[in-house]
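Reading through the structure tokens given below for one structure.
The values are calculated or read from the model by the stated rules, or taken from the named source; none is laboratory data. Every value quoted in this text rests on a predicted model; they were computed, and no experiment measured them. Positions of Cβ are backbone-derived with ideal geometry, glycine not excepted, and every protein chain shown enters the neighbour counts. These area figures cover heavy atoms from the full protein model, side chains too; ligands, DNA and RNA do not enter into them. Shrake-Rupley method; radii C 1.70, N 1.55, O 1.52, S 1.80 Å.
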Amino acid sequence: MTFGPKTEDVLYHYTSHKNLRCIVEDCGLRISHVYYMNDANEIKYGAELFKTVVAKRQNQETNQNLIDFLVELKDWTNQLIGLPHYIFVFSLTEKGNLLSQWRAYTPPGETGVSIGFSKKALEKIAAQKGFELIKCLYGNAEQLDVLNTELDAMTLPGLAWVQIEPSAGEVDRCLEILDIAEAAGHALDLLNLA
């Protein structure tokens, strides 16, 4: 944790004084279920955008096995929208003093704090837990570019598309894509700072 002016390689978390005290006393960060966040629609938006990318690819494809895979992938994404029970986040920003963040994350009638964390330290902790930090993408063109690149990696022309059901690796790749699309960060466990 750092105090003072913004420096490079610092990510900020906006919260209340009460939550700051909990972070310091527990030496830990608490994650939130995506549907309890201030913008629970982010995951739905990411999934819908991914479905659009998949549908466009499906319409351009001539390999029937790959078309079948893309249909199943869209169906699986629909199921994810209805059952996002495993998606938890801890939101960070590169900006330590944003009015929109103060308004969104400071309880009404209270003052809040912007806690700076070393990006490298958070990346190390996340890697130890098997997670990664993913930067938020707010521009539609950038989001589409990332989703198309990830879908390209899943549907390389050299692959023999004989399966209709996605493999465990493909499902993991889909989860990564949706995490990128959601771009609110991701973690599935308490990040212990001790």
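Listing for the model above:
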{"item": "Net length gained if the chain between N63 and A153 were fully extended (0.36 nm per residue, minus Cα distance)", "result": "30.8 nm"}
{"item": "Segment T111-E72, extension gain: residue separation times 0.36 nm, minus the distance between their alpha carbons", "result": "9.3 nm"}
{"item": "Computed over the range 1-152: relative contact order in percent, which uses C-alpha pairs under 8 Å that are six or more apart", "result": "45 percent"}
{"item": "Surface accessible to a 1.4 Å probe, D75 within the full protein complex, Å²", "result": "70 Å²"}
{"item": "Heavy-atom accessible area ranking, 1.4 Å probe, most first, across R57, R30", "result": "R30, R57"}
{"item": "Extension reserve of the I81-L20 stretch, reckoned as 0.36 nm per residue once the Cα distance is removed", "result": "18.8 nm"}
{"item": "Spacing of the two label points (7 Å from each Cα toward its C-beta) at D9 and C136, in nm", "result": "2.4 nm"}
